[in-house]
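Input: a single structure, listed below in structure tokens.
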């Protein structure tokens, strides 16, 4: 298997995060099933994550025989993200606000990864990856803001003095 560069490794990570985002948004949509607007937002985010996965794979295919290694590392990243999702939302008490709190962390992390990819690709003068990152970064900014604003709206509906549980 080909040895990955730092940039290849980061590309693999954002690919794995896009794959994990599809699972996470589906999970949180299940927790928010009564809120049509939120579910629609999460479905749009899932569709955008699927498109991101597709574009990452297309770029990976052009990376000098490294597609298999990139795909393997992406699977590892997806599995790690899945473990975090299970840890955070695996209990029976999880609700839509818990799901959005998880997505705030996940989307912020994904946005940060894309900014790192863009920085490294720019330094490497890798036009294909720069173009991909330029496309993905604003989408990730939108995802972060969507889950942030949705979580704040749900938090506003909570009674802060109500006992937990």
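The numbers here are math on the coordinates, done by the rules we state, and not lab data. Just so we're clear, the structure is a prediction, and the values are computed from it rather than from any experiment. For neighbour counting, all protein chains shown are included, and Cβ atoms are generated from backbone atoms with ideal geometry for every residue, glycine included.
Of note:
- Residues of region 90-108 that are touching a residue at least 40 places away in the same chain (Cβ under 8 Å) and assigned to a helix (DSSP H, G or I): 96, 97, 98, 99, 100, 101, 102, 103, 104, 106, 107.
- Region 109-165: number of residues that are surrounded by 14 or more Cβ atoms within 10 Å (Cβ to Cβ) and on the phi > 0 side of the Ramachandran plot: 0
- Among the numbered conditions (1) crowded, with 21+ Cβ neighbours inside 10 Å; (2) at positive phi, the only one that residue 65 does not meet is (1).
- Some residue of region 148-165 being assigned to a helix (DSSP H, G or I), in contact (Cβ under 8 Å) with a residue 40 or more places away in the chain and under 13 Å from the mean Cα position of the chain (by Cα): no
- Checklist (1) touching a residue at least 40 places away in the same chain (Cβ under 8 Å); (2) out of contact with any helix residue (DSSP H, G or I) (no Cβ under 9 Å at 6 or more places or on another chain) applied to residue 117, failing item: (2)
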